[in-house]
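The values are calculated or read from the model by the stated rules, or taken from the named source; none is laboratory data. Since the structure is predicted, the reported quantities are computational estimates derived from the model, not experimental observations. As a convention, Cβ positions derive from the backbone with ideal geometry for all residues, glycine included, and neighbour counts pool all protein chains shown. Quick note on the areas: whole protein, heavy atoms, side chains included, nothing else; ligands and nucleic acids left out. Shrake-Rupley method; radii C 1.70, N 1.55, O 1.52, S 1.80 Å.
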Amino acid sequence: MGRRQLWDQGEVLASAMRLFRYRGYLGASLRDIEEATGLHPGSLYRAFDSKEGLFQAALEAYNDQVVQGRVRVHLLEPADPVAGIRSFFTSAFETGLDRDPGCLLTNTAVESFTLPQAGAGVRRGLETIESGFADALTRARGLGLLAADLEVETAAAHLLALYQGLLVLVRAGTPLSKLHTVTDGALASIGAQEEEQR
């Protein structure tokens, strides 16, 4: 009979997500993982097979909890989908944190040459965001908030690219004023009016 697991997998993955957001896959040592999660190397390897296995599990949890949650709150649920798109952008940098660690998806995409196995998780997360943009744009077009001839798929891909670029700027410590300017440009690219004029 195996020994009873004395730790909570959800808590371990939440701690791993935070660590990997700040340090990246390469930057997080086994000692860092042990300190962040409380797992000794033996428990880590029994549960996740390897550091890579823990990273992939953390990325999947990030997609399921953070990415899908943010898409739902900002892109799928708001009555005003254009305002939702704006809040999706601004919530990425109006966090109140002294040093925001950025998005695990974006950070992993930049680092993916060191961990090609993470590519599928990155693509799944990006597709979730792009699909959320497409949903919001379709609803906005139907409500008359955007032009009737807006090409939703093209606009959603464009917003995804702008959003990912924004997240890199956030990670680089770009001033808030410039991040707001990027956000305004993203909304202008889909033909949305300035916030104060709507």
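Key figures for this structure:
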| read-out | value |
| --- | --- |
| Residue list for segment 143-170, filter: modelled with pLDDT of 95 or more and among the β-branched types (Val, Ile, Thr) | Val152, Thr154 |
| Residue under evaluation Asn107, criteria (1) of a type in the set (S, T, N, Q); (2) in contact with a Leu (Cβ under 9 Å, 6 or more places away or on another chain); (3) open to solvent by 40 Å² or more (accessible area, probe 1.4 Å), criterion not met | (3) |
| So Phe113, is it crowded, with 19+ Cβ neighbours inside 10 Å, aromatic (Phe, Trp, Tyr) and either out of contact with any Gly (no Cβ under 6 Å at 6 or more places or on another chain) or in a helix (DSSP H, G or I) (or both) | no |
| Residue within segment 128-141 that is under 17 Å from Arg21 (Cβ atoms) and modelled with pLDDT of 90 or more present | yes |
| Qualifying helices (runs of 4 or more DSSP H) (wholly inside segment 12-85; at least 3 residues being of a type outside the set (Ser, Thr, Tyr), open to solvent by 30 Å² or more (accessible area, probe 1.4 Å) and farther than 29 Å from Leu159 by Cα) | 30-37, 41-48 |
| Pairs with Cβ under 7 Å, 6+ apart, first in segment 133-148 and open to solvent by less than 70 Å² (accessible area, probe 1.4 Å), second modelled with pLDDT under 95 and not charged (D, E, K, R) | Leu146/Gly191; Leu146/Ala192; Ala147/Gly191 |
| Residues (more than 19 Å from the chain's Cα centre (by Cα), hydrophobic (A, V, I, L, M, F, W, C) and part of a loop (DSSP other than H, G, I, E, B)) located in segment 162-194 | Ile190, Ala192 |
| Meets criteria (open to solvent by less than 50 Å² (accessible area, probe 1.4 Å), out of contact with any strand residue (DSSP E or B) (no Cβ under 9 Å at 6 or more places or on another chain), of a type outside the set (Phe, Trp, Tyr) and at pLDDT below 95) for Gly173 | no |
